[in-house]
Every structure is written in C-alpha cells, then in structure tokens.
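**Student:** Dropping a structure here in structure tokens format, bear with me for questions.
Laboratory data are not the source of any read-out in this text; all were calculated from the coordinates shown. These figures come from a predicted structure and were not determined experimentally. Glycine also receives a Cβ, built like all others from the backbone with ideal geometry; neighbour counts cover every protein chain displayed.
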Amino acid sequence: MVSAKYHVFICTSCTLNGQQRGFCAKSGSPELVLKLMEELEDRGLSADVMVNNTGCFGICNRGPIMVVYPEGVWYGNLDEQAIETICEEHLEAGHPVERLRI
Ligand code: FES
C-alpha cells in the first residue's frame, strides 16, 4: 500500500512513444524533476512525496507545470527557485504557495 503524504506530477512533455516533445521539456522540466528529487532527499521527505513525470496538461504557455495532490494545487512557470520554495513551504510546512499557483 502506498502511504505517501503528497503525490506530485510534473509535466515533462512525454509522449506515448517515450519521446519528450513540448514546451515544458524544452523549458527544462526534466532537470526540475531531478532538482525536486534532490530537494526531497535533502529535506528527508522522499518517503512522504511520490513524484511522477507526465505528458502535456494542455496549458503549455504556463509551463513548466506541476500538480500536487491531495489538494490538487497547480503550479506553473516553474524554475529551480520555485521548486525550492514549493518544497519548503508546501511539501515540508504544508502550506500551498499562493504566489506560484496558476
Ligand atoms: S508540454 Fe507541459 S503542459 Fe504542455
């Protein structure tokens, strides 16, 4: 049974044939997934947060995109600083980051 506290989806523009084509991937989202995983490891949150990369959410102009459940919070225009902030304020402290929501 999976008992993660949060489930995070980050668009890496994956397609069904496995290729990454799209705005989020071109904007560095695969590296942001790695950054997120590093941050979670450094903060001792790896067991609490499940991370999956996804295909296009259909709002590429606001990407890179991340969705956090169980709240269903959508974040956009992600960069490394945003990943750090979301880790600290949302995934660690439990408060969604209003200024980064879309
Ligand atoms: S490629 Fe990420 S939302 Fe479209």
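**Student:** Can you tell me which residue is farthest from D48 (Cα to Cα) among those in the range 21-37 that are touching a helix residue (DSSP H, G or I) at 6+ places or on another chain (Cβ under 7 Å) and more than 8 Å from the ligand (Cβ to nearest atom)?
**Tutor:** Checking each candidate, the answer is L32.
**Student:** Could you tell me how many of the residues in the range 31-51 are touching a strand residue (DSSP E or B) at 6+ places or on another chain (Cβ under 7 Å), buried (at least 17 other Cβ atoms within 10 Å of the Cβ) and not in a strand (DSSP E or B)?
**Tutor:** Qualifying residue count, the range 31-51: 4.
**Student:** I'm checking my understanding of the structure. Among residues of the range 52-96 that are of a type in the set (G, A, S) and not in a loop (DSSP other than H, G, I, E, B), which one is nearest to the ligand (Cβ to nearest atom)? Quick ask: steps written out before the conclusion?
**Tutor:** Going residue by residue through the range 52-96, those that are of a type in the set (G, A, S) are 55, 58, 63, 72, 76, 82, 93-94.
From what is left, the residues that are not in a loop (DSSP other than H, G, I, E, B) are 55, 82.
Values: G55: 7, A82: 15 Å.
It comes out as G55.
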